[in-house]
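Undergrad: Here it is, the structure in full.
The values are calculated or read from the model by the stated rules, or taken from the named source; none is laboratory data. None of the values given here were measured: they were computed from a predicted structure. Ideal geometry is used to build each Cβ from the backbone, glycine not excepted, and the neighbour counts take in all protein chains shown. Surface accessibility is based on the protein's heavy atoms, side chains included, excluding ligands, DNA and RNA. Shrake-Rupley method; radii C 1.70, N 1.55, O 1.52, S 1.80 Å.
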Amino acid sequence: MIFSIVRTGWMALRRDRGALALSFVLPIAFFSIFAVIFGGQKQSTPKISVIVADEDHSSVSARLLKGLQAESSLNVLLTPLAKKNQPVPYTAATAEAAVREGVAPVALVVPKGFGEHPINIGDTSEGQQLRLLKDSSDPVAPQMLNGLLQKVAMTSLTDLMAEQGMKYWDSEAGGFTAQQKERMEAGLRDLRDYRARQERGEAKTSAENDAGLIRVQARDVVGANKQSPLISFYAAAIGVMFLLFTSSGAAGSLLDEAENGTLDRVLSSQVDMTTLLLGKLTYSTLLAFSQLTLMFVWAWSVFHVDLWSHIPGFLVMGLSTALAVGAFGLMMASFCRTRAQLGAVSTLLILLMSSIGGSMFPRYLMPEAVQKAGLLTLNAWAIDGFTKVFWRDEPLVHLAPQVGVLLAAALILFLLARRLARRWEFA
Amino acid sequence: MAAAATDGGISSQLPLRMECISKCFGKLKALDDISLEVSAGECFGLLGPNGAGKSTLMRVIAGRVRPGSGSAMIAGDSAGSSRARRSLGWIPQELALYGALTCRENLLAFGRYQGLRGSPLQQAADWCLEWAGLTDRGTDRVRNLSGGMKRRLNMAAGLIHRPRLVLMDEPTTGVDPQSRNRIFEMIEQLRRDGTSVVYTTHYMEEAERLCDRIAIVDHGRIIALGTKDELVAQVFEARSEVVARFAGPAAAEFVAAHAGRMAGDAAQFTVAGPSDVSALLEAVSAAGLTLIDLSVHRPNLESVFLHLTGRGLRD
């Protein structure tokens, strides 16, 4: 008897392709996505973009830069990407502006005079500190850069560290004898020869021989006075994901109406298919925008997200996002044949888009290839736009790429839905 | 078509006029050279076995299927045009209603889709509720109504804009006898008001009671068209129908040899007069069969349908 019940259940599942896909395909798909994001990376950490403004222009700063560029986990930007044909090196001001715009999560400024006292040994206030300008929404990149700076100092500026260390010891420990000084000078010469050979590829690096410290002064240039950076991010990220679910559910009424004959009745009235779809799109857009509004009002009231000084940006991004997800839902409903199919396919697609589009965790934590793939999702563009509004305080014109992509996506998806809906129109 | 709509001739303003309509779906010829007219206040029945082409024909009239050839005009306008849709009411077989809305909200929604606004819309909703006997249920949600009430509301929603022609696709499906009588009264009231009805059903007695003229459709063609009496006369002329039950080993062969047909456990024959009945009885005796019972009656619509299609209406 139990076997009969099992058999009936299995037969029903086998014939319900939607449920079958949700049961078996979805877990495999998600396992694969997460495996690619977190397990398939060739390097232990994703590459971090760092802007470097060298205002010192000394041989020491050049060596430091060279050391940073040799780091495989860093993508060092010395000039703005858009000006590659006429490279103008970053300055402290342009680097700070670039961090504000989100070009990179962190910038390193090597100030003038740094090369005179690059190494900080003992309690000395001599020389200029390196300056780290960071976007506090990314807690990983600045710390990683700081650590790598120390590593580069140890591997690239060993002779300077030794020299500085000896000077410190000479002044603090009562002075070296002439013989000791001579030997140390000889040692430094050997070290400099070794480094020269190393640079020519004639000697191998030995980090164990190096030691030292670089003084770094870090400063938030984005989000310095804000609450937790991830709150506004997640209000947008989670909001978009649920908007997608809501919109595909709302657009599913089209399938119900086709099933129960209401669509025939509506289309035999004064309403044509284009008008009907526009009506459904408007409804979905308003519903999605209401959801987003509620989400951000909640974020303001409970988590102190500054909604009221960002109203224009919120309206622009909210309406663009709501329109795009509304059109997505309509396209899905027009594409699918049944409610069950819509439920299965849209769940699969929305979770996929949300995972690589940044709704589940920030895209900057993902490998570069996945970050690029994320740009194919509505989630990524919407989240980037909301981040510009709520985190970077950027003006409305800076939202043009995100709004443009979302509106274009809405138009394409709507036209696709209109084309697919022809099957209901005439036989 | 434009000429037909504007020439002012009486025939061009008929609620429905179809000429030489054909439609193929792939290799299947769903409609084959269909022509018919429906006059004001007429109830026109479409009968046919499942798959005969009735639904396709209804959808051509509603403008939801484009015919391969021929023309369909609704009150002088091409089927599917905005003006034709204004003259047409569509009552699908399914309960095409919004379950979460109330009766009145449903009527108002479909009224707005038809372009009605303001007090004309409110008055139309009042009229529909009264016509369907649902005035006291106007604020009830549709999903809480009984099956018969839903059917009546389904019909009312197709009439909110007071069309000249109403398509009713099996409107009494799944309805109890009491509600069915109520629906018949509603349709008769419509006809008295001058509304034309195209009616499909699987119940022969409904067609006999309601329809002025009936078209029997099979394999996409109209195989007979006329009033009930005309159809009987066309098929049977003055002949009568004999229904007999026999017992014996070769009953089926006997029926086939005497141009009869089996309908369940009874055999049906057509006879010109009493002498044919006597001859039939003698033949039964000669064949060694035992006659259990026998009746002679005037053929009805069902007899016509069986004779023409070889199938029952609900097969």
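Undergrad: Step through the table entries A:LYS112/A:LYS167; A:LYS66/A:LYS388; A:LYS66/A:LYS181; A:LYS280/B:LYS23; A:LYS66/A:LYS167, compare each Cα-Cα distance with 28 Å, and write down the pairs that go over it.
TA: The answer is A:LYS66/A:LYS388; A:LYS66/A:LYS181; A:LYS280/B:LYS23.
Undergrad: Enter the mean number of other protein chain beta carbons within 10 Å of the beta carbon of each residue in A:256-267, as an integer.
TA: Shielding by partners across A:256-267 averages 6.
Undergrad: By the scheme Lys and Arg +1, Asp and Glu -1, what is the net charge of all other residues having a beta-carbon under 13 Å from that of A:LEU278?
TA: Once all neighbours under 13 Å are counted, the net charge is +1.
Undergrad: Using the alpha-carbon atoms, what tilt in degrees (0 to 90, nearest 10) does helix B:118-131 show relative to the longest principal axis of chain B?
TA: 30
Undergrad: How much accessible surface area, in Å² rounded to 10, belongs to the heavy atoms of A:ILE238 with a 1.4 Å probe?
TA: A:ILE238 exposes around 50 Å² with every protein chain in place.
Undergrad: Also, I was wondering about something else. Using Stokes-Einstein with the Kirkwood hydrodynamic radius over Cα pairs, what translational diffusion coefficient do you get for chain B at 10 °C and a viscosity of 1.306 mPa s, in µm²/s rounded to a whole number?
TA: Answer from the Stokes-Einstein relation: 74 µm²/s.
Undergrad: I've got another one for you. Excluding residues fewer than 8 places away in the same chain, name every one of the aspartates and glutamates whose C-alpha is closer than 12 Å to that of A:LYS47.
TA: Candidates past the 8-residue exclusion: A:GLU71, A:GLU368.
Undergrad: Quote the relative contact order of the range A:226-425 in percent (integer), defining contacts as alpha-carbon pairs under 8 Å separated by 6+ residues.
TA: Relative contact order comes out at 33 percent.
Undergrad: Using Cα pairs closer than 8 Å and at least 6 residues apart in sequence, work out the relative contact order for the range B:68-145, in percent.
TA: Taking the mean separation of contacting Cα pairs over the length of the range B:68-145, I get 29 percent.
Undergrad: Got the relative contact order for chain B handy, in percent, Cα pairs under 8 Å and 6 or more residues apart?
TA: Relative contact order of chain B: 20 percent.
Undergrad: Multiply the residue gap between A:VAL216 and A:ALA92 by 0.36 nm, knock off their C-alpha separation, and tell me the result in nm, one decimal place.
TA: Stretched fully, the A:VAL216-A:ALA92 segment lengthens by 43.2 nm.
Undergrad: Right, here's the next one. Nothing charged except the Cβ atoms of Lys and Arg (+1) and of Asp and Glu (-1): what's the magnitude of the dipole of the range A:226-425 about its Cα centre? Round to the nearest 20 debye.
TA: 280
Undergrad: For chain B, what proportion of DSSP beta bridges, expressed in % and rounded to the nearest 5, is antiparallel?
TA: In chain B, DSSP labels about 65 percent of beta bridges as antiparallel.
Undergrad: Return the inverse of the average 1/r over all pairs of distinct C-alpha atoms in the range A:226-425, which is the Kirkwood hydrodynamic radius, in Å to one decimal.
TA: One decimal place: 17.2 Å for the Kirkwood radius.
Undergrad: Partner chain Cβ atoms within 10 Å, averaged over the residues of B:89-96 - can you pull that number for me?
TA: Average neighbour count from other chains, rounded to a whole number: 5.
Undergrad: Could you give me the ³J(HN,Hα) list for the range B:299-305, computed from phi with Karplus coefficients 6.51, -1.76, 1.60 and θ = phi - 60°, whole Hz, x at Gly and Pro?
TA: For the range B:299-305, the Karplus-derived couplings read x, 10, 4, 5, 4, 4, 4 Hz, x marking Gly and Pro.
Undergrad: Compute the signed sum of charges (Lys and Arg +1, Asp and Glu -1) over the other residues within less than 12 Å, Cβ to Cβ, of B:ALA259.
TA: Spelling it out: positives minus negatives among the neighbours equals +1.
Undergrad: Does anyone have the angle between helix B:147-157 and the longest principal axis of chain B? Alpha-carbon axes, 0 to 90°, nearest 10?
TA: Here the helix axis deviates by roughly 60 degrees.
Undergrad: Go through A:249-257, A:107-115 and give me the packing order, highest mean Cβ count within 10 Å leading.
TA: Output ranking for A:249-257, A:107-115: A:107-115, A:249-257.
Undergrad: If you build the convex hull over the alpha carbons only and average its shadow over all orientations, what do you get for the range B:1-121? Give it in nm² to one decimal.
TA: Average of the hull's projected areas for the range B:1-121 equals 9.5 nm².
Undergrad: Using just the helices of chain B, give the 222 nm mean residue ellipticity in deg cm²/dmol: DSSP H runs with n ≥ 4 each add -39,500 (n - 2.57), and the total is spread over all residues, rounded to 500.
TA: The per-residue figure over chain B is -10500 deg cm²/dmol.
Undergrad: Same structure again: Let me know the Rg and Dmax you get for the range B:240-298 when you use only its Cα atoms, in Å.
TA: 10.2, 29
Undergrad: To continue, here is another question. Helix B:177-192 against the longest principal axis of chain B: what's the angle in degrees, Cα atoms only, rounded to the nearest 10?
TA: Computed tilt is about 70 degrees.
Undergrad: Once you wrap a convex hull around the alpha carbon atoms of the range B:68-140, what is its projected area averaged over all directions, in nm²?
TA: 6.4
Undergrad: Take A:PHE303, B:PHE305, A:PHE233 and sort them by solvent-accessible surface of the protein heavy atoms, 1.4 Å probe, largest at the top.
TA: Ranked from most to least accessible, the order is A:PHE303, A:PHE233, B:PHE305.
Undergrad: May I ask you to rank B:SER119, A:SER268 by accessible area, largest first, using a 1.4 Å probe over the protein chains only?
TA: B:SER119, A:SER268
Undergrad: I would also like to ask the following. Once both labels are modelled 7 Å past Cα along the beta-carbon direction, what's the A:PHE176-B:HIS219 spacing in nm?
TA: The modelled label-to-label distance comes out at 11.4 nm.
Undergrad: If DNA, RNA and ligands are ignored and the probe is 1.4 Å, what is the ranking of B:GLU206, B:GLU19, A:GLU259, A:GLU96 by accessible area, most exposed first?
TA: A:GLU259, B:GLU19, A:GLU96, B:GLU206
Undergrad: While we're here: What Kirkwood radius, in Å to one decimal, follows from the Cα pairs of the protein assembly as shown?
TA: 33.4
Undergrad: OK, next. Please average, across the residues of B:108-114, the number of beta carbons from any other chain that are within 10 Å of each residue's own beta carbon, and give a whole number.
TA: Mean partner shielding for this stretch: 4.
Undergrad: Rounded to a whole number of µm²/s, how large is the Stokes-Einstein D of the range A:255-351 at 10 °C and 1.306 mPa s, given Rh as the Kirkwood radius over C-alpha pairs?
TA: Translational D for this selection: 103 µm²/s.
Undergrad: Would you kindly derive the ³J(HN,Hα) couplings of the range A:421-426 from the backbone phi angles with the Karplus curve 6.51 cos²θ - 1.76 cosθ + 1.60 (θ = phi - 60°), listing them in order in whole Hz, with x for Gly and Pro?
TA: 6, 4, 5, 8, 7, 9
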